[in-house]
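Novice: A single structure is presented below for examination.
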Amino acid sequence: MSNKMSRRKFLKVVAGSGVLGFGVMASGCKGKPSGGDGWVSSQYEGKGNFPVNLKGRVAISATNPSIERDDEKCILCGQCVDACKNVMGVYGNYPLPLKQEIACVGCGQCVMQCPSGAITEKSHVRKVLDALDDDTKHVVVQTAPATKVSLGEEFGMPQGTSVGKKMAGALKAAGFDSVFDTCFAADLTIMEEASEFVHRLTKKKDEIPHLTSCCPGWVKYCEYFYPELMHNLSTCKSPQNMLGATIKSFYADKMGINPSNIVNVSIMPCTAKKFEVGREELEVDGQQDMDYVLTTRELAVLLKHKGIDLNTVAEAEYDSVLGESTGAGRIFGATGGVTEAAVRTAYYLATGSNPPADLLDWKPVRGMQSVKEAVASIPGVGAVNIAVCHGLENARQLLDGIKATGSSKWQFIEFMACPGGCIGGGGQPKSMDAVEAKKKRIEAIYKEDTGATKRCSHDNAEIQSIYKDFFGKPLSEKAEKYLHTTFVNRHDRLFD
Ligand code: SF4
Ligand code: SF4
């Protein structure tokens, strides 16, 4: 008998007898329906046929686009439940048995907690390698801000090492045709979102509080649990998808390439982005903005497969005309960064001047406190009350407070699903000291901001030229077509 069979048999026996603390997971082995108090075994669509109570671990659908579990590696520790329930506020917040679908926002925090590597992202590495080998395809890649301060960890570099230019060099060496910067698209997002926020503040007050929409984990959470607030979500696509749509329209035109021959790949700290790329609401003229998402960890696998070492690869610049970024675009990767960047440009839009020094180093929205509050004084607009929230269980508590009182004391609220924001995303390198890793990554991101020659999105010369040459102005008809989206009420899939 193989070791594999022995281990599984052992775990079944242990689970069934309730020894070694496994009693909580044992009801599925005692004759009750799997999950005992509500889970239905047929709703667990895992790869294996492991008759263990779902109460002990999160259920993952076989069709989940973000994550999957190898049951043979699962040691039934329950860490995934802890992450899903206590950090993300998903597990345990819907009635059982499940009604229509297995609830998952795709954040991948269970991946980060799983000690045995049983849960992983659903890999796109093979598909990207195939695209790179296909001479008929023009393969374009973009890199998210949080990956630039974490990829080095996969190559033995100290936490918080900034490797943006090395990553650009490595991607060129790997054969990508163009290497663009998601930080450019973060600047584009800010142009749209700050304009939308100022418009809502002055003309559409029923859409205040303005809720950010760049995190697909948070957006899906809102669609599941707070659909009544969907009209408060910014209609802006995330930077990933804004850039994807721009590549398949503006860039395709400029290069004379049929958009159907472009393969858009992103390097993201995020597993929820793998869900996001398939959202129908994001399509333009029936075409997906994005094709594949590689997490930071997957990019390391791909580079190592190709024999590319980040330590020794030559640095390169991002490609023009979708490669310039400001400090504002780079801080998107940390909790509070979207808010700080948006306020810098909202100030400019309202006053015609760049913000004062305190708003360029806006401490109240920075740091790991679960909910941060701040007030921005913008001449002509007044005092804007802002909240910044990361971790979806924290979001639940904040939103339940708003529901209970029927009003919000904040006009702008940033939500990021993962603790710390994208620097703590479910696709990031794993670390024995995750708290320290997040701290170092955040420090690196703000260092990039203070060291940038331009720190406000509206000062980005490539952003100015793309509005001049293509979009016209923020919130124009063309900008709405390519850069904005709609949302789906998913409440009924979980609740009667
Ligand atoms: S965290 Fe991983 S090992 Fe632990 S129960 Fe969940 S899937 Fe299994
Ligand atoms: S916080 Fe960032 S990494 Fe986490 S789900 Fe949202 S977009 Fe993805």
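The values are calculated or read from the model by the stated rules, or taken from the named source; none is laboratory data. Source: prediction; values computed, not measured. Virtual Cβ from ideal backbone geometry, glycine too; neighbours counted across all protein chains shown. For the accessible areas, the whole protein counts, side chains as well, though only heavy atoms, and no ligand, DNA or RNA atoms are used. Shrake-Rupley method; radii C 1.70, N 1.55, O 1.52, S 1.80 Å.
Novice: Just the residues that are under 19 Å from ALA272 (Cβ atoms) and not in a strand (DSSP E or B), please, taken from region 119-134.
Specialist: Listed by number, the residues that qualify are LYS122, SER123, HIS124, VAL125, LYS127, VAL128.
Novice: Can you name every residue in region 84-120 that is under 20 Å from the mean Cα position of the chain (by Cα) and either near ligand 1 (Cβ under 8 Å from one of its atoms) or at positive phi (or both)?
Specialist: GLY89, GLY106, GLY108, CYS110, GLN113, CYS114, ILE119 - these are the residues of region 84-120 that are under 20 Å from the mean Cα position of the chain (by Cα) and either near ligand 1 (Cβ under 8 Å from one of its atoms) or at positive phi (or both).
Novice: With the structure loaded, tell me whether ASN385 is in the same structural domain as GLY337 (by TED's automatic domain parsing), part of a strand (DSSP E or B) and over 19 Å from ILE442 (Cα atoms) or whether it fails that test.
Specialist: yes
Novice: Quick check on my filter: what residues within region 407-431 are more than 15 Å from the chain's Cα centre (by Cα) and either within 16 Å of ligand 1 (Cβ to nearest atom) or not assigned by TED's automatic domain parsing to the domain that holds SER150 (or both)?
Specialist: Hit for region 407-431 is LYS430, nothing else.
Novice: May I pose another question? Limited to region 305-317, what total is found for residues that are in a loop (DSSP other than H, G, I, E, B) and open to solvent by 40 Å² or more (accessible area, probe 1.4 Å)?
Specialist: The qualifying residues number 8.
Novice: Could you list, in sequence order, all residues of region 260-290 that are more than 16 Å from ligand 2 (Cβ to nearest atom) and either without any contact (Cβ under 8 Å) to a residue 12 or more places away in the chain or open to solvent by 40 Å² or more (accessible area, probe 1.4 Å) (or both)?
Specialist: Once the filter is applied, which keeps residues that are more than 16 Å from ligand 2 (Cβ to nearest atom) and either without any contact (Cβ under 8 Å) to a residue 12 or more places away in the chain or open to solvent by 40 Å² or more (accessible area, probe 1.4 Å) (or both), region 260-290 yields SER260, ASN261, GLU280, GLU281, GLU283, ASP285, GLY286, GLN287, GLN288.
Novice: Something else: If you go through region 380-396 one residue at a time, how many are touching a residue at least 24 places away in the same chain (Cβ under 8 Å) and open to solvent by 20 Å² or more (accessible area, probe 1.4 Å)?
Specialist: Residues that pass the stated criteria total 6.
Novice: Considering (1) open to solvent by 10 Å² or more (accessible area, probe 1.4 Å); (2) in a loop (DSSP other than H, G, I, E, B), say which one ALA404 fails and leave the rest.
Specialist: (2)
Novice: Another question, then. Just for region 172-206: of the residues that are open to solvent by 10 Å² or more (accessible area, probe 1.4 Å) and touching a Pro at 6+ places or on another chain (Cβ under 7 Å), which one is nearest to SER325 (Cα to Cα)?
Specialist: Checked region 172-206; the qualifying residue nearest to SER325 (Cα to Cα) is MET191.
Novice: Taking region 65-76, which residues are open to solvent by less than 60 Å² (accessible area, probe 1.4 Å), more than 16 Å from the chain's Cα centre (by Cα) and not acidic (Asp, Glu)?
Specialist: Residues satisfying the conditions are ARG69, CYS74, LEU76.
Novice: Could I ask something else about it? Only one of these conditions is not met by GLY472: (1) in contact (Cβ under 8 Å) with a residue 24 or more places away in the chain; (2) over 30 Å from LYS85 (Cα atoms). Which number is it?
Specialist: (1)
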